[in-house]
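Everything below concerns the one structure shown next.
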Amino acid sequence: MSKFKKKATVKQDIPTSSMPDVVFMLLFFFMVTTELRKTNIDVMQRIPEGTQLRKLQRKSLVTDLYIGEPKKTEQFGKEPKIQAEDTFIEVSGIILWVTRQKDLLPENERDQMTVALKVDSEAKRGIIADVETELRKANARKVLYTVSEKKLDLN
Amino acid sequence: MARSTPEIPNASMADIAFLLLTFFLVTTTIANDKGLSIQLPAPLDPNQPIVEFQQKNLFTIQVNSSDALLVEGQPLDDVSNLKDDIKRFILNNGADPLSSDNPEKAIVTYKTDRGTSHKRFVQILDIIQNAYYDVWADQSGVTNARFREAASDTSDPTNKDIYDKGRKGIPMAISIAEPTKIGG
């Protein structure tokens, strides 16, 4: 009898003292892996929709170029502008920009650099074609038009 | 005798941590790195001779500055059949003497105007690529979505097989011409 009684005194609670540690570990994981947006995008970004999307294999090889009407039209006008990182660049500055971006990559992967063109729906082909011509000259010929997935496939 | 051990109450710590965790979960935006992938041609070499293609091996799509479509010289309002037309053109294999000789020679030329909107450009490019992905997927016996998934990651041997099988003998020949200067 006394044997059983002894057993009943054993603590039966699940130890919760380690729970914060576990949760903090998760929290740190998310904090570390979250990539906060580095740049403030100052151009309109109404990304067009498409169906035939491809995912990029190596995200480290991707650099973004934003094109669209400036958000602050009273300051920058209504003409679509090209934004790289935090600044507006001109079409003539693209070759220099590509060279700088390539310098950041390991030497053997430079030719695989992909430029993701995040272009606003309402931007015109003219400026995009100018950018493409410069990219060809700068030998950054892998291009991705960023497109969001169309929810309903009408085709 | 029960002895109370002095402890800081830590039951609420988990709640606080969970709250922070939820905050990060909600505010985290996963970057959208999906889109239509193309390879630009090499810069134009002035010494390079101009190659002429037979008209029948070209499928011409033109878009003007008011986003109106001209396919093989004919105005087109409804794009729902465009994909099938392109597929028929690619896989013609000489059946129709006015269409392409074989998939290797078939070229889809896509010309826009400087005033064409990017939205329209992407819509048509999407249809052209859809036609090619459909043809490739058919050839390797998988669905279109599966094929694109395989094409996105060719480091996996199975994916590489699907990708190579699908593309065999059918190059994606989309020629995106320099836009015209004046709207028409």
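Computed from the coordinates by the stated procedures, all read-outs in this text should not be read as laboratory data. Keep in mind the model is a prediction, meaning the values are calculated, not measured. We place every Cβ from the backbone using ideal geometry, glycine too, and count neighbours over all the protein chains shown.
Values of log10 I(q)/I(0) for region B:34-160 across q = 0.14, 0.16, 0.17, 0.20 Å⁻¹ run -0.76, -0.97, -1.07, -1.30, by the Debye formula with one identical scatterer at each alpha carbon and no solvent. Computed over Cα pairs, the Kirkwood radius of region A:64-129 leads via Stokes-Einstein (0.692 mPa s, 37 °C) to a diffusion coefficient of 253 µm² per second. Peptides A:123-131, A:77-85, ordered by how many other C-beta atoms sit within 10 Å of their residues on average, highest first, read A:123-131, A:77-85.
Could you tell me the relative contact order of chain B? Use alpha-carbon pairs under 8 Å, at least six residues apart, and round to a whole percent. Working shown, then result.
Values: 199 pairs, mean separation 38.4, N = 184.
Relative contact order of chain B: 21 percent.
Computed over the alpha-carbon pairs of region B:19-87, the distance histogram in 10 Å steps reads 12, 23, 28, 15, 12, 8, 2 percent, short to long. For region B:118-184, the Cα-based Rg and Dmax, in that order, read 14.7, 48 Å. For chain A, the Cβ-based charge dipole about the Cα centre amounts to some 1160 debye (Lys, Arg positive; Asp, Glu negative; other atoms uncharged). For the pair region B:82-116 / region B:141-170, the C-alpha centres are spaced 22 Å from each other. Compared with the dominant Cα axis of chain B, that is its longest principal axis, helix B:11-27 is turned about 10°.
Averaged across the residues of B:108-117, what count of C-beta atoms belonging to other chains lies within 10 Å of each residue's C-beta?
On the way: counts 0, 0, 0, 0, 5, 4, 7, 3, 5, 8.
For this peptide, the per-residue mean of nearby foreign Cβ atoms is 3.
The mean count of C-beta atoms from other chains within 10 Å of the C-beta of residues in A:132-145, rounded to a whole number, is 4. If one takes the longest principal axis of the Cα atoms in chain B, at what angle in degrees, from 0 to 90 and to the nearest 10, does the Cα axis of helix B:157-167 lie? Once rounded, the angle reads 20 degrees.
Each Cα pair under 8 Å and six or more residues apart adds its sequence gap; the mean of these over the residue count of chain A is a relative contact order of 27 percent. Residues whose amide H comes within less than 5 Å of that of A:VAL43, counting only those at least five positions distant or on another chain, are A:LYS71 (H built at 1.01 Å from N in the peptide plane).
Close amide H pairs (under 5 Å, H built 1.01 Å from N) link A:ILE82 with A:ILE89, residues at least 5 positions away or on another chain. Expressed per residue, the C-alpha convex hull volume of the protein assembly as shown stands at 239 Å³.
For the protein assembly as shown, DSSP calls about 50 percent of its internal beta bridges antiparallel.
For chain B, the longest principal axis of the alpha carbon atoms and the long axis of helix B:118-140 meet at an angle near 90°. Given +1 at the Cβ of Lys and Arg, -1 at the Cβ of Asp and Glu and no other charges, the dipole of region B:48-150 around its Cα centre is 240 debye to the nearest 20. If you bin every alpha carbon distance in region A:15-155 into 10 Å steps from zero, what whole percent lands in each bin? Cα pair-distance distribution for region A:15-155, in percent: 10, 33, 30, 15, 8, 3, 0.
With a cut-off of 8 Å between alpha carbons and a minimum separation of six or more residues, what is the relative contact order of region B:133-184 in percent? Don't skip to the answer; put the middle values down first.
Working: 39 pairs, mean separation 16.6, N = 52.
Worked out over region B:133-184, it gives 32 percent.
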